[in-house]
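Some notes on the structure that comes next.
The values are calculated or read from the model by the stated rules, or taken from the named source; none is laboratory data. This structure is a prediction, so every number in the text was calculated from the model and none was measured. Heads up, the Cβs are rebuilt from the backbone with ideal geometry, glycines too, and the neighbour counts pull from every protein chain shown.
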Amino acid sequence: MTQIQTNMDARRFRFAILSADSRDKASLKKITSTRRLQGQHSSPGKARSLRRSCSSGVRHLLKHVHKHMHQGNGAAVTNVTHPVGYKFETLSTLPAPWGETSRDYIENRVNEVVNNKEQYCSVVRTGLGKTIICLGGEVDAIWDSKPATPGAPINWVELKTSAEIRSDRDMDNFERKLMKFWIQSFLLGVPKIIVGFRSRDGILVKLQELETGAIPNSVARRWGLAAGGWDGNVCINFASAFLDWLRQTITDEGVWRIRRKPRSPDIEVFQVEEVGHGSIITDEFMNWRIKLSLSPPKPPDATE
């Protein structure tokens, strides 16, 4: 359970997690099943990303790449100064499904130039508690191909990298990192995460597929009620309580800023501009919304 203390005059949201034995006992599975995603869309960063997909043969591809990432003396071919996350994405994805991609292209993936502008954008409408929100975020790839039916579930895949696990301490750090992985993919409706574990030299040594919905229970089984773990229910309940408070707090027009100082228990919300939108929203968009609100409603389709 999340304990909330608020000071409406100071417009501060103070939070504290109760002791582990007082945590909300509600099943995360139940929360997940009641969460509704209404519409998922994608748009390319560049033309090529429109066809970008994560092939069903990704394991074979990465094993092939791993084999060719070493020279005869064991030295790595790739330049490890490149951001390893982007390189992993480049090696893991194809511009078309596996069967439509040439063998020459597949076998030369190691030589592909890293491009961090290729991406999908998943846009979802969902609810946290009483708050309905529209979210948009970058997604790395699709497991197979985009469905032909609009609104049908999309098999998004998120690609992550992490240092190889060589001790219990490494495992503890990785499972804390999993909270960020889970939150990002859970909110955007991404069902699968593929983690590439790398050596200190930047060599891919292991792959692990994670089902997004199973991550919190997996972490809970290992940590139990011990301090240092995290609870998916606490994350959801906290976000719900904060959004409720935010809606009650921001009652005026203008531009508002949300801030939390490092290690502070307070989240501060304050107004920085009394009018306007701080160039966050373009004038073209605002004019379009005004025209849309003034337009008469369209008559229902005569065929319905």
- [ ] Scan region 268-284 residue by residue and report those that are surrounded by 11 or more Cβ atoms within 10 Å (Cβ to Cβ) and either among the aromatic types (Phe, Trp, Tyr) or part of a loop (DSSP other than H, G, I, E, B) (or both).
- [x] PHE270, GLY276, HIS277, GLY278, ILE281
- [ ] Tell me, please, whether a residue that is of a type in the set (Phe, Trp, Tyr), in contact (Cβ under 8 Å) with a residue 24 or more places away in the chain and farther than 16 Å from VAL84 by Cβ can be found in region 151-159.
- [x] yes
Open item on the list: Can you tell me which condition LEU294 does not meet? The list is (1) modelled with pLDDT of 85 or more; (2) surrounded by 10 or more Cβ atoms within 10 Å (Cβ to Cβ), and all the others hold.
Closed with: (2)
- [ ] Could you tell me whether region 180-190 includes any residue that is surrounded by 19 or more Cβ atoms within 10 Å (Cβ to Cβ) and more than 14 Å from the chain's Cα centre (by Cα)?
- [x] no
Open item on the list: Going residue by residue through region 164-176, is there one that turns out to be in contact (Cβ under 8 Å) with a residue 40 or more places away in the chain, closer than 21 Å to VAL124 by Cα and not acidic (Asp, Glu)?
Closed with: no
Task: When residues of region 106-160 are limited to those that are among the basic types (Lys, Arg) and over 30 Å from TRP245 (Cβ atoms), the one surrounded by the fewest Cβ atoms within 10 Å (Cβ to Cβ) - done: LYS117
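Rundown of residues vs (1) farther than 30 Å from ILE154 by Cβ; (2) at pLDDT below 90; (3) assigned to a strand (DSSP E or B), yes/no style:
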| site | (1), (2), (3) |
| --- | --- |
| ARG200 | yes, yes, no |
| ARG222 | yes, yes, no |
| ALA227 | yes, yes, no |
| ILE236 | no, no, no |
| THR251 | yes, yes, no |
| ARG257 | yes, no, yes |
